[in-house]
Amino acid sequence: MRRVTPALAGLGVAALLAVPMTAQAAPGHQNDSTSLGTKAPYAPEQNPRTYQQAPAGFAPVFTENVSRHGSRAATDSEDGDLVLALLKKADAENQLTAKGREFGPKVQALLDAMSKVGYGQLSGRGKEELQDTATRLEQRLPGLFATIAKKGEKIDVVSSGQGRAVDSGNVFASTLAEKDPALKSLIGPTRTDVNLLYFHKAAGGAAYRDYIAGDQRLAATLKSITDQPKTHTAARSVLKKLFRGDFLATLSADDQVAAAEAVYNLYAIAPAMVQESPDGKGWGLEKFISKRDAAWFGYLSDAEDFYEKGPGFADSDITYKMADVLLDDFFTQVEAKKNGTSDLGAELRFTHAEEIIPLAALMGLPGSTQGVTAEQPYTYADNAWRGAEVAPLGSNIQWDVFRKGDTYLVRMLYNEKETAFKAGCTPVSKGSKFYDLKELERCFGRTAN
């Protein structure tokens, strides 16, 4: 969600960064997770003690997941550079507010921390998220991992090949090995499968990329959502905290929106970098953007993700059809286990929001079931889709497989919450979160019947 205009791009960022700034800032209140969109850090959504027990006689024989990488640094310094350039230009003209003078050093410190971590790479919080999720997996299925160790079954780890996804897989796997050293020799090195876990950039995503690049309805819809009076009002509200009126008057309406979005983007990524903050408790950027303004820019960010990755337009599946390769792999792994052609005890996959969000829409997971029309666009008021719930940093979908004789049951966890499969799939009993594999194959159209 970047709209850097030619005027802002022409500020001469490198030169402006040479202008000195002063002051410090105090920490503020905690971020509201919804306003962070898909930058929201991960938290499990259910207490494991409340999980349903498998029906009598069924024992776990396999588990598989797909996980978004954990919390990370921003992918580049563009937002911070833009904000610093504006702050330093305004400072040279004596046009900063008190908060504006406080903001610059905090932005610079955050950029320095992200540069040290590596732009786009896992932060300390991100690594901890993966470690904790792996620990809960092992605790949820102790019998399974004991069986894996006893039988010498394999644990396959696969990623998109992008650094943060590779690192997420390595952290997750090493945590399992630390919890149970008998698993260490059974965990294979993290391998790469671009077609499976980076499909939006692979051959299977060609039509999708054409849609993103050239679909006029998409472009017009996103423009109409972003370019409305409330956006410009929120942008001015954000910038008035930092700049005096005379300086704001030199920025066009579009420049103001681009600058406010950059401030919002820094606010949104800061919680992912909490462990790298000077006191390890946070960056205090919340005091520089009101909850109302953050919520509005969070909505704009969600709208972009909704249309470009999620349910999108109700008359099209272009944004999520390509995720079928990943859903197919979930079924393929379970079916191979049932058929006796697999020596795997666990299949662990690590990817990105661009894969989790379409998969959630394809599977009809909670919050991802409702597309929209051009006449009635996506709003919070009439659509349940929220980036912070659908695909926060570290989000995951897990299938646990249980066996009794020739019968295989599957339980799905979505962000570690027991979750029913889509409408039309019937569980083994009313209210149960366990489904017969044959029923899921029927429900998802994998069998002739």
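Could you tell me whether Glu138 is closer than 30 Å to Pro311 by Cβ and touching a residue at least 40 places away in the same chain (Cβ under 8 Å)?
The answer is no for Glu138.
Being open to solvent by 10 Å² or more (accessible area, probe 1.4 Å), in contact (Cβ under 8 Å) with a residue 40 or more places away in the chain, within 23 Å of Leu137 (Cβ to Cβ) and under 23 Å from the mean Cα position of the chain (by Cα), is that true of even one residue in region 420-429?
Yes: region 420-429 contains one or more residues that are open to solvent by 10 Å² or more (accessible area, probe 1.4 Å), in contact (Cβ under 8 Å) with a residue 40 or more places away in the chain, within 23 Å of Leu137 (Cβ to Cβ) and under 23 Å from the mean Cα position of the chain (by Cα).
Just one of Leu36, Leu82, Leu86 is modelled with pLDDT of 95 or more, under 30 Å from Asn170 (Cβ atoms) and not in a strand (DSSP E or B); which is it? Can you show your working first?
Details: Leu82 fails: under 30 Å from Asn170 (Cβ atoms); Leu86 fails: under 30 Å from Asn170 (Cβ atoms).
Among Leu36, Leu82, Leu86, only Leu36 is modelled with pLDDT of 95 or more, under 30 Å from Asn170 (Cβ atoms) and not in a strand (DSSP E or B).
Can we say Gly161 is surrounded by fewer than 19 Cβ atoms within 10 Å (Cβ to Cβ) and touching a Phe, Trp or Tyr at 6+ places or on another chain (Cβ under 8 Å)?
Yes.
Would region 70-88 turn up any residue that is under 30 Å from Lys404 (Cα atoms), under 24 Å from the mean Cα position of the chain (by Cα) and either of a type in the set (D, E, K, R) or crowded, with 24+ Cβ neighbours inside 10 Å (or both)? Before the answer, list the steps.
Quick first cut of region 70-88, residues under 30 Å from Lys404 (Cα atoms) only: none.
Among the residues of region 70-88, not one is under 30 Å from Lys404 (Cα atoms), under 24 Å from the mean Cα position of the chain (by Cα) and either of a type in the set (D, E, K, R) or crowded, with 24+ Cβ neighbours inside 10 Å (or both), which makes the answer no.
Name the residue, out of Glu178, Glu138, that is under 22 Å from Pro48 (Cβ atoms), acidic (Asp, Glu) and surrounded by fewer than 16 Cβ atoms within 10 Å (Cβ to Cβ). Step through it out loud before you land on a result.
Working: Glu138 fails: surrounded by fewer than 16 Cβ atoms within 10 Å (Cβ to Cβ).
Being under 22 Å from Pro48 (Cβ atoms), acidic (Asp, Glu) and surrounded by fewer than 16 Cβ atoms within 10 Å (Cβ to Cβ) holds for just one of Glu178, Glu138, which is Glu178.
Go through region 106-154 and count every residue that is under 30 Å from Lys287 (Cβ atoms) and of a type outside the set (Asp, Glu).
The qualifying residues number 21.
Filter region 230-261 for residues that are within 21 Å of Tyr307 (Cα to Cα) and not hydroxyl-bearing (Ser, Thr, Tyr) and give the result.
Of everything in region 230-261, those that are within 21 Å of Tyr307 (Cα to Cα) and not hydroxyl-bearing (Ser, Thr, Tyr) turn out to be Lys230, Val257, Ala258, Glu261.
Considering each residue of region 267-299, count those that are part of a loop (DSSP other than H, G, I, E, B) and polar (S, T, N, Q), and give that number.
Of the residues in that region, 2 qualify.
Which residue is most open to solvent (accessible area, probe 1.4 Å), if the candidates are limited to region 192-210 and must be assigned to a helix (DSSP H, G or I) and of a type in the set (A, V, I, L, M)? Quick ask: steps written out before the conclusion?
Of the residues in region 192-210, the ones assigned to a helix (DSSP H, G or I) are 194-197, 203-210.
Pick out the ones that are also of a type in the set (A, V, I, L, M) and you get 194, 196-197, 203, 206-207.
On the way: Val194: 63, Leu196: 13, Leu197: 0, Ala203: 86, Ala206: 43, Ala207: 60 Å².
So the residue we want is Ala203.
For (1) assigned to a helix (DSSP H, G or I); (2) under 30 Å from Lys151 (Cβ atoms); (3) open to solvent by 10 Å² or more (accessible area, probe 1.4 Å), each residue gets a yes or a no:
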site: Phe350; (1), (2), (3): no, yes, no
site: Glu355; (1), (2), (3): yes, no, no
site: Leu362; (1), (2), (3): yes, no, yes
site: Thr369; (1), (2), (3): no, no, yes
site: Tyr408; (1), (2), (3): no, yes, yes
site: Ser432; (1), (2), (3): no, yes, yes
site: Lys438; (1), (2), (3): yes, yes, yes
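Do we have Ala262 as touching a Leu at 6+ places or on another chain (Cβ under 7 Å) and either modelled with pLDDT under 95 or over 17 Å from Thr233 (Cβ atoms) (or both) here?
Spelling it out, Ala262 is indeed touching a Leu at 6+ places or on another chain (Cβ under 7 Å) and either modelled with pLDDT under 95 or over 17 Å from Thr233 (Cβ atoms) (or both).
Evaluate region 326-346: report whether one residue or more is without any contact (Cβ under 8 Å) to a residue 24 or more places away in the chain, surrounded by fewer than 18 Cβ atoms within 10 Å (Cβ to Cβ), among the charged types (D, E, K, R) and farther than 30 Å from Gly405 by Cα.
No: zero hits.
So, in region 321-348, how many residues would count as being touching a Phe, Trp or Tyr at 6+ places or on another chain (Cβ under 9 Å) and not in a helix (DSSP H, G or I)?
Residues that pass the stated criteria total 6.
Given the condition charged (D, E, K, R), modelled with pLDDT of 95 or more, open to solvent by 10 Å² or more (accessible area, probe 1.4 Å) and under 28 Å from Asp112 (Cβ atoms), answer yes or no: does some residue in region 243-252 qualify?
yes
Counting only residues that are at pLDDT 95 or above and among the polar types (S, T, N, Q), which one in region 374-391 is surrounded by the fewest Cβ atoms within 10 Å (Cβ to Cβ)?
Thr379
Taking Arg125, is it closer than 24 Å to Ala173 by Cα, charged (D, E, K, R), modelled with pLDDT of 95 or more and surrounded by 23 or more Cβ atoms within 10 Å (Cβ to Cβ)?
no
For region 305-325, which residues satisfy the criterion of being of a type outside the set (Val, Ile, Thr) and either buried (at least 19 other Cβ atoms within 10 Å of the Cβ) or in contact with an Asp or Glu (Cβ under 8 Å, 6 or more places away or on another chain) (or both)? Please lay out each step first, then the result.
So in region 305-325, the residues of a type outside the set (Val, Ile, Thr) come out as 305-317, 320-324.
Asp305, Phe306, Tyr307, Glu308, Lys309, Gly310, Pro311, Gly312, Phe313, Tyr320, Met322, Ala323 - these are the residues of region 305-325 that are of a type outside the set (Val, Ile, Thr) and either buried (at least 19 other Cβ atoms within 10 Å of the Cβ) or in contact with an Asp or Glu (Cβ under 8 Å, 6 or more places away or on another chain) (or both).
Within the set of pairs 6 or more residues apart or between chains, which connect a residue that is of a type in the set (Asp, Glu) inside region 77-97 to a residue that is surrounded by fewer than 20 Cβ atoms within 10 Å (Cβ to Cβ) and at pLDDT below 95 with Cβ atoms less than 8 Å apart?
Filtered contacts from region 77-97: Glu78/Arg2; Glu78/Val4; Asp79/Arg2; Asp81/Val13; Asp81/Leu17; Asp91/Val19; Asp91/Pro20.
Being at pLDDT 95 or above and touching a Pro at 6+ places or on another chain (Cβ under 8 Å) narrows it down to one of Thr190, Thr133, Thr175, so name that one.
None of the others qualify; the one that does is Thr133.
Could you check, for region 300-309, whether at least one of its residues is touching a residue at least 12 places away in the same chain (Cβ under 8 Å) and assigned to a loop (DSSP other than H, G, I, E, B)? Walk me through it before giving the result.
Kept after step one, since they are touching a residue at least 12 places away in the same chain (Cβ under 8 Å), are these residues of region 300-309: 300-309.
Among the residues that remain, those that are also assigned to a loop (DSSP other than H, G, I, E, B) are: 309.
So far as region 300-309 goes, yes, one or more of its residues are touching a residue at least 12 places away in the same chain (Cβ under 8 Å) and assigned to a loop (DSSP other than H, G, I, E, B).
The values are calculated or read from the model by the stated rules, or taken from the named source; none is laboratory data. Since the model is a prediction, treat every value here as computed from it, not as a measurement. Positions of Cβ are generated from backbone atoms using ideal geometry, with glycine treated the same way; all protein chains shown enter the neighbour counts. Side chains included, ligands, DNA and RNA excluded: accessible areas come from the protein's heavy atoms. Shrake-Rupley method; radii C 1.70, N 1.55, O 1.52, S 1.80 Å.
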